Amino acid sequence: MSDTIDTLLSEHRTFPPSAEFRAQANANDVGIYERAFHNPTGFWEEWAEKLDWFEKWHTTVEFTAPNAKWFLGGKLNACYNCVDRHAIGDRANKAAIIFEGEPGDSRTITFAEMKDEVSRIANALKSLGVKKGDRVAIYLPMVPELPMTMLACARIGAPHTVVFGGFSADSLQERCNDATVKVIVTADGGWRRGGVVQLKKITDEAMDLGCHTVEKVLVLERTGEKPGPVTMVANRDIAWNDLVPQQSADCPCEPMDAEDLLYILYTSGSTGKPKGITHTTGGYMVGVSATSKLVFDHKEDDIHFCTADCGWVTGHSYITYGPLCNGTTVLVYEGAPDTPDKDRFWRIIEKHRATILYTAPTAIRTFMKWGDEYPIRCDLSSLRLLGSVGEPINPEAWMWYHTIIGAEKLPVVDTWWQTETGAIMITALPGITTTKPGSATHPFPGIRVKVLDEEGNGVDVAGPHAVNTPKGGFLVLDYPWPSMTRGIYNDPERYQKTYWSKFPNTYFAGDGIKLDEEGYLWLLGRVDDIMLVAGHNISTMEVESALVDHPAVAEAAVIGKTHDVKGQAIAAFVILRSNYSGSEELIKELKAHVAHKIGAIARPDDLFLCAELPKTRSGKIMRRLLRDVAEGRALGDTTTLADPSVVASLKDKYENSEG
Ligand code: 6R9
């Protein structure tokens, strides 16, 4: 990105909160921004007061970039805050987790039952030799035992590292070795699209590759006889059922220092080995509980359905730690959104009367592609708030979410954050913010964002202030916040280099962003993806949104392809909605549509219709691989792809087409 990002698309639709929603909202006074801006430390302290501490902190924050410490001297336990304090009194018999398995089985676990079960798991881990400070890898399907094992680790002060159940033996091995893991908790398998992901078999492969520090493997039974009994290695593998149910339901919560490690979560990054992002206890819990309460407006009877897997940070912060810390019921689903049919999410909402839905743009665009009939035939009347996370949400996807799922009345909060930030950083507050489709709106109270150009000049943004100096550039943060990562596990140099070296004493998020004249923030995607076309910076996001704006288009991915004259030319990969079929005319029409929406400069040179796009396992489009396809190169690293065959067949078809 050379200087600032040209801002080409504009969006004029606005959606103020309804009077009804505003009246009942946890945050409905815009003064919250001003107060937090003038005294961010005081703002976070107020949220810290709502946690249960064994010992109060003496110093709220110490920050010397890149190292922050929060709530120094304070002692608390994350599991105590998520479980024990709700397991007494009125909430004891309230559902903590409502679980829906892919085959259709469901279970409800109350806070009181959860306290007993988490304590048994914690005692089982202790019996396997896990002590405070030891690392535990969790390689489980999305069943209640996954968040419960995370909490059991937190209970005894053993940092966990959750490895997504779709990752390979190599990935599991690499993570176990980097984190010098002592125990792996896994399952025989997990259900996915009617089949079984054989987690124990993959764990065995990882062990054969060499997980040098792993002593024991605890194996939950989930899929049973399918596809057959697992092999248990003597003196290493222990069946969950032979160990956990026999344990005492009494296990004290270890008093942890606010700065003690709570977990490590690996993020892949586009190149290089995965980074072990660390989070500590006090600041992280303050960040996730405050944002859960204000962004999702959690109330006592809410049922929070977050469709992420606990293998991603979203499942850590907005299934396990944030909602449960506030005593909110979470709805957990194990499987795929199209099993047995494409209405599964909507059936789950209908069945369990979910009130809040938090999902990703990739899912929303997939639902748009499948057609409206699936949600329309289900009763979604229990919903009262919708959230989005993971990628920029195109205005048309936002509108579909609002109209079809939200019945044109529910607030939509688009939340920008990262594994590294721990908690939501840029978002609407549903009782305060007038939203614009496609904009994540404003920094959360207490958060200060900067939009900087290449020279380091730019503007500060805190709260919803109207500005008359729109600006495009890099999203950075130079003010500490409680849930920020404490660094890359065992690699402070890489941490400094990756995030803190582009601008002095400033956290570089790696995303492009623009601030419009009304003070709204628009995420433009990863800066590595931004295109330079005939001297103009054009974000992939803007061209993709112009394409998705066309009624025939369900999903689009746009990249800059090397061009002799223009520097880069735009190539677009487009998935049509299910009721459209491709033709030369449609391709021409789509190119013209982009030129009409944005300007001739953004007209794609190539537009290629395809059935699928290469995505990471968490659903983010991998544009780097599309650049390889468009430029006729051998494909780069495809190990983080959900389905490597997608890009291989795309390459094949692309090379045999006119483009
Ligand atoms: C929570 C999560 C972080 C990256 C981030 C950005 C993209 C996430 C977004 C968004 C635009 C949003 N991202 N939320 N982009 N609008 N609302 O996804 O964490 O997996 O670490 O990814 O995701 O590019 O930098 P993580």
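Each reported figure results from applying straightforward, stated rules to the coordinates on display, with no laboratory input. Every value quoted in this text rests on a predicted model; they were computed, and no experiment measured them. Using ideal geometry, Cβ is built from the backbone for each residue, glycine included, and neighbour counts are taken over all protein chains shown.
Key figures for this structure:
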read-out: Amide H partners (placed H, <5 Å) of Thr280, local residues excluded; value: Leu262, Arg486
read-out: Whole-number D in µm² s⁻¹ for the chain, Kirkwood Cα-pair radius fed into Stokes-Einstein, 37 °C, 0.692 mPa s; value: 130
read-out: Antiparallel bridges, percent of DSSP beta bridges restricted to segment 534-655 (to nearest 5); value: 75
read-out: Alpha-carbon Debye profile of segment 113-254, log10 I(q)/I(0) at 0.18 Å⁻¹; value: -0.97
read-out: Neighbour-count ranking [beta-carbon atoms within 10 angstrom, fewest first] of Arg617, Arg377; value: Arg377, Arg617
read-out: Distance (nanometres) between label positions extended 7 Å along Cα→Cβ at Arg13 and Glu655; value: 4.1
read-out: Helix axis angle, 282-295 relative to the chain longest principal axis, alpha carbon, degrees; value: 60
read-out: Any cysteine of the chain lacking a neighbouring Cys Cβ under 4.7 Å - listed by number; value: Cys79, Cys82, Cys153, Cys251, Cys253, Cys306, Cys310, Cys325, Cys378, Cys610
read-out: Net lengthening on full extension, Glu55/Asp605 (0.36 nm per residue, minus Cα-Cα); value: 191.7 nm
read-out: Alpha-carbon centroids, segment 96-151 and segment 547-615: separation in whole Å; value: 45
read-out: Ranked list, fewest to most other Cβ atoms within 10 Å of each Cβ, for Val185, Val467; value: Val467, Val185
read-out: Those residues of segment 104-119 whose amide nitrogen sits under 16 Å from the label point placed on Ala92, 7 Å along Cα→Cβ; value: 110-117
read-out: Nonlocal amide H pairs with Tyr266, under 5 Å, H built at 1.01 Å; value: Ile277
read-out: Hits among lysines - C-alpha to C-alpha of Lys615 under 18 Å, sequence gap 8 or more where chains match; value: Lys369, Lys651, Lys653
read-out: In order through segment 568-574: 3J(HN,Hα) via Karplus (6.51 cos²θ - 1.76 cosθ + 1.60), integer Hz, x for Gly, Pro; value: 10, 10, 8, 10, 10, 10, 10
read-out: Whole-angstrom gap from segment 163-203 to segment 489-522, using each part's C-alpha centre; value: 32
read-out: Prolate/oblate/rounded label for segment 183-248 (Cα gyration tensor, a/c 1.5); value: oblate
read-out: Residues Val183, Val230 arranged by fewest to most Cβ contacts within 10 Å; value: Val230, Val183
read-out: J(HN,Hα) series, segment 26-41, from Karplus relation 6.51 cos²θ - 1.76 cosθ + 1.60, nearest Hz, glycine and proline x; value: 5, 10, 9, 10, 4, x, 4, 5, 4, 4, 5, 5, 6, 9, x, 4
read-out: Net lengthening on full extension, Asp460/Asn28 (0.36 nm per residue, minus Cα-Cα); value: 153.1 nm
read-out: With Cα atoms, 0 to 90° folded angle of helix 361-370 axis to the chain main axis; value: 70
read-out: Between segment 331-394 and segment 31-58, the Cα center-to-center distance that results, in Å; value: 34
read-out: Cα Rg, Dmax, segment 534-655, angstrom units; value: 13.8, 38
read-out: Lysines whose Cα lies under 23 Å from that of Lys115, excluding same-chain neighbours fewer than 8 positions away; value: Lys50, Lys75, Lys94, Lys126, Lys131, Lys132, Lys293, Lys299
read-out: Distance histogram in 5 Å bins (all Cα pairs of segment 98-169, percent per bin); value: 4, 16, 24, 21, 19, 11, 4, 1
